[in-house]
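The structure appears below as structure tokens.
The values are calculated or read from the model by the stated rules, or taken from the named source; none is laboratory data. Note that the structure is a prediction, hence the values are computed from the model and not measured. Every residue, glycine among them, receives a Cβ derived from its backbone with ideal geometry; neighbour counts consider all protein chains shown. Accessible surface is based on the protein model in full, side chains and every heavy atom, while ligands, DNA and RNA are left aside. Shrake-Rupley method; radii C 1.70, N 1.55, O 1.52, S 1.80 Å.
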Amino acid sequence: NDTIYLSSIYKAIDGISPTLEELEQLAVDDREQQRNITLLKGNIALRISSAKADIEYIDSAHSRLASSYYYEGRAYMTDASRKLHEMHKLANDQLARKYSQEKVYRHLTASTIKTLIIIFCLITLVLFAILIRLMRTRIKFQEALQAKVLDLQRSHGELQEIAYVASHDLQEPLRKIQVFSNMLLYQGKHSMSDDFTVTLQRINRSANRMQVLITDL
């Protein structure tokens with residue numbers, strides 16, 4: 001009938017669930033510890049149930065003698081404590097293994113780094129020698145390429161001159177064809193037959209098309 005004592009008990013009971021959730025988050029990647037937490041939660045649930053039943057029994061029986069719920073709760077508490085001890089030992093063993101592995105990895109890392117530095121230096125020297133050789137070869141290729149580019153530019157200029165002259169020489173008679181066909185169409189538009197007019201129009205269209213082709217050339 002001590003309300004202060006009972007409120008402390010119920011407050012402690014309410015704080016168990018968040019603590020267990022935090023514990024589950026800490027062991028989220030450890031299957032064995034997750035299994036232990038599940039068993040621990042079962043023991044704690046039974047312990048809480050026994051404690052509540054014991055309180056109800058004492059309140060109703062008005063007896064100062066310990067009830068069977070009290071001894072059951074103690075047994076569940078003992079099981080929970082044992083499970084916590086196992087979990088603590090497992091965690092310590094895991095930490096010891098990780099520490100041992102870390103020492104091995106540190107040693108291997110140091111040796112590996114030294115070996116990699118030596119290999120890197122050798123590779124750097126070999127690559128430097130290859131680079132010098134490639135640069136010399138590239139200079140020779142660039143000189144040859146520059147000479148070919150000059151020849152190509154000269155040839156390109158000559159081709160442009162040839163194309164200009166050829167297109168100019170072709171445009172002159174073509175312009176005459178266009179002029180005369182247009183004159184015939186204009187002068188004989190009232191006297192020529194339809195077939196003759198269509199023929200002159202075809203000649204004119206063909207001349208215009210050839211004008212475009214020469215311009216493209």
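Numerical summary
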{"read-out": "Residue check for GLU32: open to solvent by 60 Å² or more (accessible area, probe 1.4 Å), in contact (Cβ under 8 Å) with a residue 12 or more places away in the chain and either in contact with a strand residue (DSSP E or B) (Cβ under 6 Å, 6 or more places away or on another chain) or acidic (Asp, Glu) (or both)", "value": "yes"}
{"read-out": "THR109 being assigned to a helix (DSSP H, G or I), hydroxyl-bearing (Ser, Thr, Tyr) and modelled with pLDDT of 90 or more", "value": "no"}
{"read-out": "Criterion: of a type in the set (D, E, K, R) and at pLDDT 90 or above - qualifying residue of ARG205, ARG154", "value": "ARG154"}
{"read-out": "Of all residues making up region 1-42, the number that are acidic (Asp, Glu), under 26 Å from ILE55 (Cα atoms) and either within 39 Å of the chain's Cα centre (by Cα) or outside any helix (DSSP H, G or I) (or both)", "value": "1"}
{"read-out": "Selected residue (only one of LEU46, LEU40, LEU23 is in contact (Cβ under 8 Å) with a residue 24 or more places away in the chain and open to solvent by less than 70 Å² (accessible area, probe 1.4 Å))", "value": "LEU40"}
{"read-out": "Selection within region 49-64 - small (Gly, Ala, Ser) and crowded, with 16+ Cβ neighbours inside 10 Å", "value": "SER50, ALA51, ALA53"}
{"read-out": "Residues (closer than 14 Å to GLN211 by Cα and open to solvent by 60 Å² or more (accessible area, probe 1.4 Å)) located in region 156-175", "value": "TYR164, HIS168, ASP169, LEU170, GLU172, PRO173, ARG175"}
{"read-out": "Test: residue in region 176-188 that is open to solvent by 90 Å² or more (accessible area, probe 1.4 Å) and either modelled with pLDDT under 80 or in contact with a Leu (Cβ under 8 Å, 6 or more places away or on another chain) (or both)", "value": "yes"}
